[in-house]
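The structure appears below as C-alpha cells.
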Amino acid sequence: MVQADNDTIFALSSGTLPAGVAVIRLSGPQAFDAALALAGELSADRKAGLRTIRSRNGLVIDQALVLAFAGPNSFTGEDCVEMHLHGSRAVVSAVHQELETIGLRLAEAGEFSRRAFENGKLDLVEVEGLADLIAAETEMQRRLAVEQGFGGQSALYMSWAERLTRARALIEAELDFADEDDVPGSVSDRVWTEVGDLYFEIEGHIASAKAGEIIRDGYKVVIAGPPNAGKSSLLNALAKRDVAIVTEIAGTTRDLLHVDIDMEGYLVRFFDTAGLRESEDRVEQEGVRRARIAIEQADLVLQLEEIDSDSKHTYDSVKAEVLRIGTKVDMHRTSTGYDLTISSETGDGLEELRSRILLKLKGTWSGSLVPNRQRHLQYLKEASHFIAEALNGQELDLRAESLRAAASSLGRITGRVDVEQLLDVIFSQFCIGK
Ligand SMILES: Nc1nc2c(c(=O)[nH]1)N(C=O)[C@@H](CNc1ccc(C(=O)N[C@@H](CCC(=O)O)C(=O)O)cc1)CN2
Ligand SMILES: Nc1nc2c(ncn2[C@@H]2O[C@H](COP(=O)(O)OP(=O)(O)OP(=O)(O)O)[C@@H](O)[C@H]2O)c(=O)[nH]1
C-alpha cells in the first residue's frame, strides 16, 4: 500500500470538462505505485498503453491511455504518469477520489512547473515564457512567448553574465599581478572595451521593453474627443457589435469602455471615453477624469471631432502619438486639417484607420528578444547600473566588484542566483495542472 504522507501530486492538466479526452498528470515518488494500483500494469517508459482503470474495489472507472515517464527524464524531473481518460466530470472526479484515497495530493497552481524549476528542467525565464504561452490569445503573443519559453532569452542573459564573469577574472588576474611590472596594461584596456560594448547591448535591450509590453499586454488605442463626436459609434464599428450605447444626446458615454481586437495577430485594446467637456454632473465629471487618465496611458490617441465643428480641444498632456480624425464624413462635403476622415455610419475611412494602426504595430517588434516582464527590466537596469559603475570607477578592486554585482543581477532573471522570495509570486499565477 502507498504511504499517505508522500509528496506526490496530481491534477487535471487538460481544459474544461466535459471534453473528448482529459489528461490527469501525476508527479512524485509514488506516481508509479499509484498508477499501478489503478491501471494494473504500466507500459515501457514513455510508451502509451491502453489500460482499464479500476477503483480499489475492482469496479471499472474507464479505459485510458497511460504513459509513464521515469525521472529524471520527465517534465518535472520526477517520476511522472499521465492518464488520458474520457473527459467527463464523473470519470475525472472518480479518478481524483481514488488518487486521494491512495494518499496523493491535488497539486497547487504551478506546482508541476515549480518542480521542473527546482529540478533544473526549466529556469525562471522559461517558466514565465510557458505561462505566457498558455495565456497567449493572439499570434504575436504566442511568438513572443515561444521566444522566451524555449531557452533563447535565458541563453542571452546567461551569455551576458558569462562575459561579465570572464572580464572580472581578467581584471582580478591583473590585480593579483599588480606589483609585477611585466603585465601589459593593454589586456585590461581590451577588457573594458568589451564591457563597454556589453553595456550598450544591454541598454539597447532595455530600450526595446516597450515593444514587448505592447505585444504582451496589447496596444492601447484611446478614442477621445468632445461629446457627440462619434466615439462610441467608432468603437462599435471597429468591434463589429454594439458594445457602447450610442445616442444623439451629448454625454452618453460616462465610463471607460474597452474592446480587445485581434488585428492580424496583434492584440489592440480600444478604449471609448467620456466626451471631454466641463460638466456639472458628478458622474460625467468622474468619466472625464477617467478619460484623461486613459489618454495619459495610451500608446495612440484617436482625437475625434465632427468635421466643421468649432470645438477645438487641445490635448496638452498627451505623451502618445495622436491621430486627428474628422468624423461623420457622410454629412460633410469638405474637410481640412485632419490626418484621416471617417464615417462610422457608412464605414468610410475605417479600413484606412485599421491599416494605419497596423502599420504602427508592425514596426514595434522585429521578432528579436525583448524583456517582457517588469521583473526582467528591474534586474537589467540594475545590471546596467553596476556595469556603468565599473566602467567609470577608479579602484580596480571596486570595479571588479561592480562587475560581480552586475553578473549576479543578470543571474536573478533566470533564477540562477537566489530568488526564493519571488518563487511564490511567479508560480501562483499558473493554473492548476501546469
Ligand atoms: N501529453 C502531454 N503533452 C504535452 C506535455 C505533457 O507534459 N504531456 N507538455 C508539458 O508541458 C508539453 C511538452 N513538453 C514536454 C517537455 C519535456 C518533457 C520530457 O519528458 N522531458 C524529459 C525528456 C526529454 C527528451 O526525451 O528529449 C527531460 O527533459 O528530461 C515532456 C513534455 C506539451 N505537450
Ligand atoms: N451621420 C453620421 N452620424 C454619426 C456618425 N457617427 C456617429 N453619429 C451620430 O452622432 C451621435 C453621437 O454619436 P456617439 O457615437 O454616441 O458619440 P460620442 O462621441 O460617443 O458621444 P458621447 O458619448 O456623448 O461622448 C449619434 O446620434 C450617432 O448616431 C457618422 O459617421 N455619421
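Structure data summary
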| read-out | value |
| --- | --- |
| Under the Karplus curve 6.51 cos²θ - 1.76 cosθ + 1.60, θ = phi - 60°, whole-Hz ³J(HN,Hα) for the range 11-27, x wherever Gly or Pro sits | 6, 6, 8, 8, x, 4, 9, x, 8, x, 9, 10, 9, 9, 10, 10, 8 |
| Residue list for the range 243-277, given a label point 7 angstrom along the Cα-to-Cβ vector of residue 331 and an amide N cut-off under 12 Å | 247-250 |
| Stretchable slack from residue 277 to residue 96, in nm (0.36 nm times residue separation minus alpha-carbon distance) | 59.3 nm |
| Taking the range 9-117 and dividing mean pair separation by its residue count, relative contact order in percent (alpha carbons under 8 Å, at least six apart) | 31 |
| Relative contact order of the chain, pairs being alpha-carbon contacts under 8 Å that are 6 or more residues apart, as % | 16 |
| Fraction of antiparallel bridges per DSSP, the chain only, in percent to nearest 5 | 60 |
| Length-normalised contact order of the range 209-344 in % [C-alpha pairs under 8 Å, at least 6 apart] | 26 |
| Note, ³J(HN,Hα) from phi for the range 318-330, Karplus 6.51, -1.76, 1.60, rounded to Hz, x at Gly and Pro | 7, 8, 6, 5, 10, 10, 8, 10, x, 9, 6, 4, 5 |
| Least to most buried among 197, 123 (fewest other Cβ within 10 Å first) | 197, 123 |
| Restraint check, 231/381; 231/360; 381/434; 240/360, Cα-Cα greater than 28 Å | 231/381; 381/434 |
| Coordinate range along principal axes, alpha carbons of the chain, Å, largest first | 84, 82, 37 |
| Antiparallel DSSP beta bridges within the range 215-362, percent to nearest 5 | 30 |
| Residue-averaged [θ]222 nm for the chain, counting only DSSP H segments that reach four residues, each worth -39500 (n - 2.57) | -14500 deg cm²/dmol |
| Amide H within-cut-off set for residue 62, under 5 Å, with H built and near neighbours excluded | 53 |
| For 215, 223, order by how many other beta-carbon atoms lie within 10 Å, fewest first | 215, 223 |
| Per-residue HN-Hα couplings for the range 87-101 [Karplus 6.51, -1.76, 1.60; θ = phi - 60°; Hz; x = Gly/Pro] | x, 9, 4, 5, 4, 4, 5, 5, 5, 3, 4, 4, 5, 5, 4 |
| Amide hydrogen neighbours beyond the local backbone of residue 13, cut-off 5 Å, H modeled | 23, 24, 25 |
| Amide N of the range 291-312 lying under 15 Å from the label point, which is placed 7 angstrom from the Cα of residue 339 along Cα→Cβ | 295-296, 298-305 |
| Which of 324, 282, 114 has the fewest Cβ neighbours within 10 Å, and the rest in rising order | 282, 324, 114 |
| Segment residue 17-residue 45, extension gain: residue separation times 0.36 nm, minus the distance between their alpha carbons | 7.2 nm |
| Nonlocal amide H pairs with residue 306, under 5 Å, H built at 1.01 Å | 327 |
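We did not get these values from a lab; they are worked out from the coordinates using the rules stated. Just so it is clear, the structure is predicted and the values come from calculations on it, not from any experiment. Ideal geometry is used to build each Cβ from the backbone, glycine not excepted, and the neighbour counts take in all protein chains shown.
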